[in-house]
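Note sheet for the following structure.
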Amino acid sequence: MKIKNICCIGAGYVGGPTMTVIADKCPDLQIDVVDLNEKRIEDWNNNDFTKLPIYEPGLADIVKRRRGKNLHFSNLIKEKIENADLVFISVNTPTKKKGVGAGKASDLKWVEACARQVAEFSKGHTIVVEKSTLPVRTAEVIKSILFASYNLNEDKETEKTFDVLSNPEFLSEGTAIKDLENPDRVLIGGEKEEAIEALCSVYRCWVPEEKILKTNIWSSELAKLTANAFLAQRISSINSISALCEATGADIREVSRAIGSDTRIGSKFLVSGPGFGGSCFKKDILNLVYLSNHFGLPEVANFWESVVELNKWNQKRISELIVKKLYGSVSGKKISILGFAFKANTNDTRESAAINICKDLLEEGAILYIHDPKVESNQIAKDLNLEPLKESFTEHESLRNSEIGNWYFANSIRESLTGADAVILLTEWDEYTCIDWREASNLMRKPSWIFDSRSILNPEKIKASCLNFWRIGDGSIN
Ligand code: UDX
Ligand code: ADP
C-alpha cells in the first residue's frame, strides 16, 4: 500500500493546516484539499496570502511555498477522491441541536456524507482516515457505509476495497504549525497492520518513530476525547480556585505557580481565564457525557458534565461582577471589549467566552465597542446574533440614554477606549500588553474601570494611571 495521492475532505481549521504541513514535509506526495464551500476554496487560492480563510502564525508562508506544486485546493470532490490512495475526513462535527442526543452528541451528518462520497467515487483500494474529532465508534459508521458499497461491484476489475483508520489531530489553534511540525505524538488506531504502516510512512517523513503510537481504533478515538477532557478539566479546576482566591485574598498566579512546580501536576494549562472556548473542549466532553450515559455510567457522565457547567458559571460570574463594579448598571455605558477570539493568534471565535460575556452585557443595555486584531465584524455579528451600529457612538451620545444594548466594530484600540466607562480584556493578544494606560485614562470617562480576565496587564501601571482595576483570581485587589 504505497501512498502517492492524498485527498483531504474539509478545508477548515484542521484540514487546511494539517495538509499544508504534510505537503511541506512530504514533497513526493500530491495533496488535494477539497471542500463543498466554494468561497472557502477561493480564499485558500487567494494570491494575497494575508487573505487565507484561516489565520495561523506561519501558515501563509508554507501555503505560498507548496500551493500549485504538491498542495492543491479545489471543489473537485469526485475527481480527487477517485484519484486518492488515502482520504482524510476532516469535516465539522458540531454538537447536535435537535433530536436524539441534542445538546450532547455530535452531529455526524457531514461525516456520513463524506463516507457516502468516498463509497461512491473511490476506485481500487482506499485508506479512509478519521481526522475530525469524533465520538467513539464513529469508525463503525464509516465502515458500514463503505463496506455496503462492496456489494455493488461484481466486476473484479473495478472492485473497491477500504481500510478505516483513526488518526486524531492534537494541534492547538494559534500554534498549529508548530504542533504539526513537532508533535508530542501521532496516534494511529486501526486493525490492519498494512494500512497502519502506510499512514505511518507519511508521518515518518518528519516525525521520529518513537512518537508514532499505534493502538486499536476505539482506543485511538477515546484517547482524543480523553486528552481534551483532561485539559479542559484543568482549566475548570483552576478557574474554580480563582473564584476562591478572589474571596480569600489569595492570588491565583501564586497558587498556580506553587502547584505547577509539583512535577506530578506540571505547570501547563493552569492559567486562569474567562473560561475555555474553541471547537473541541466542550464538544468532546459532551460526547463523553453522552457516551457514559449511553453505557449506563451516570456517575462518570456527571463528573465530566460538571467541567462544562463550571466553565459556563465562570463566564456568568465575570459578566455579573462587571455589572456590580459598574454601580449595578451598564445600561447606556460604553464598554470597550478587547479581544473576541477564543484565544490569541487565531481568528476562530467558536465557543469563545467573549460571546456569552458580550451577550450578557448587551442584555443589560451596554454599548460595546468590540476590537479584535483578526476577527471580522461579520463573524462577531453572527456570534452575537446582532448587526453592529453603522455609526460610531462618539457621534451619537444620545445612545447613552438607550436601554437597548448595541455594539460597534472598533477598528482600533484607541477608538474602542475613547469615552469608555470600562475596558474588558477577553483575549490575550500581545498588542493589548502595550497599551499606554496614562493615555487611555485621558481618553476614558471617569470613574473608569479595567477588567483583565486574562491577567496579562501590568497592575501597577494601570493603578498609577488613576484607573480602577480588577483581574481574575487576585484577592489582594478585588
Ligand atoms: C485544544 C487542544 O489543546 C488540542 O490538543 C486539540 O486538538 C483541540 O483542542 P485549542 O482549542 O485549539 O486546542 O486551544 P487550547 O490552547 O487548548 O485552548 C482552549 C481554550 O482554553 C482557550 O479558550 C484558552 O484560552 C483556554 N485556556 C488554555 C485557558 O483558559 N487556560 C490555560 O491554561 C490554557
Ligand atoms: P474543523 O475545525 O474541524 O476543521 P471547520 O468547520 O473549520 O472544522 O471545517 C470543516 C470543513 O468541512 C468546512 O469548510 C465544510 O465546508 C467542510 N465540509 C463539510 N462537509 C463536507 C463534505 N461532505 N464534503 C466536503 N467538504 C465538507
Check: What is the Cα convex hull volume of the range 311-471 when expressed per residue in Å³?
Finding: 98 Å³
Next item on the list: Determine, for each peptide in 129-141, 370-382, the mean count of other beta carbons within 10 angstrom over its residues, then list the peptides with the highest first.
Entry: 129-141, 370-382
Item checked: Rough spin-label spacing in nm, given labels placed 7 Å along Cα→Cβ, for Val100 and Glu376 -> 3.9 nm
Notebook entry, point to check: Using 1/(1 + (r/R0)^6) with R0 = 45 angstrom and r between the beta carbons of Thr226 and Asp436, what's the FRET efficiency to the nearest 0.05?
Noted result: 0.50
Checklist line | Cα-Cα over 30 Å, subset of Lys69/Lys283; Lys39/Lys312; Lys80/Lys143 | finding: Lys69/Lys283; Lys39/Lys312
Next item on the list: With a length cut of 27 Å (Cα positions projected on each helix's long axis) and a Kyte-Doolittle mean of at least 0.0, go through the chain and give me the DSSP H helices that pass.
Entry: 217-248
Item checked: Positive-end extreme of charge dipole, the chain - chosen from His72, Phe281, Trp110 (charges on Cβ) -> Phe281
Notebook entry, point to check: Based on the alpha-carbon gyration tensor of the range 5-215 and its eigenvalue square roots a ≥ b ≥ c, which shape applies: rounded if a/c is under 1.5, prolate if not and a/b is larger than b/c, or oblate?
Noted result: rounded
Check: Between Glu82 and Glu194, how many nm apart are label points set 7 Å from Cα along the C-beta direction?
Finding: 2.5 nm
Item checked: Net charge of Cβ neighbours under 12 Å - reference Val323; Lys, Arg +1; Asp, Glu -1 -> 0
Note to self: Let's see if you can work this out: charge +1 on each Lys and Arg Cβ, -1 on each Asp and Glu Cβ, no other charges. What is the dipole magnitude of the chain about its Cα centre, in debye to the nearest 20?
What the structure shows: 600 debye
Notebook entry, point to check: What Rg and what Dmax come out for the chain when only alpha-carbon atoms are used, in angstroms?
Noted result: 24.3, 81
Item checked: In the range 203-240, GluC sites (Glu not before Pro) in a DSSP loop with at most 12 other beta-carbon atoms within 10 Å -> none
Note to self: Distance cut-off 25 Å, Cα to Cα: go down the list Lys192/Lys282; Lys97/Lys316; Lys96/Lys192; Lys131/Lys382; Lys97/Lys359; Lys109/Lys282 and report the pairs above it.
What the structure shows: Lys192/Lys282; Lys96/Lys192; Lys131/Lys382
Note to self: Exposed loop sites here are chymotrypsin sites (Phe, Trp or Tyr not before Pro) in DSSP loop states with at most 12 other C-beta atoms within 10 Å. What is the longest stretch of the chain lacking them?
What the structure shows: 1-294
Notebook entry, point to check: Under the rule of -39500 (n - 2.57) per DSSP H run of 4 or more residues, summed and divided by the residues of the chain, what mean residue ellipticity at 222 nm is obtained, to the nearest 500 deg cm²/dmol?
Noted result: -12500 deg cm²/dmol
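FYI, it's all coordinate maths here, none of it is from the lab. Predicted, not measured: the structure shown is a model, and the values here were computed from it. All Cβ positions, even for glycine, are placed from backbone atoms using ideal geometry, and neighbour counts span all protein chains on display.
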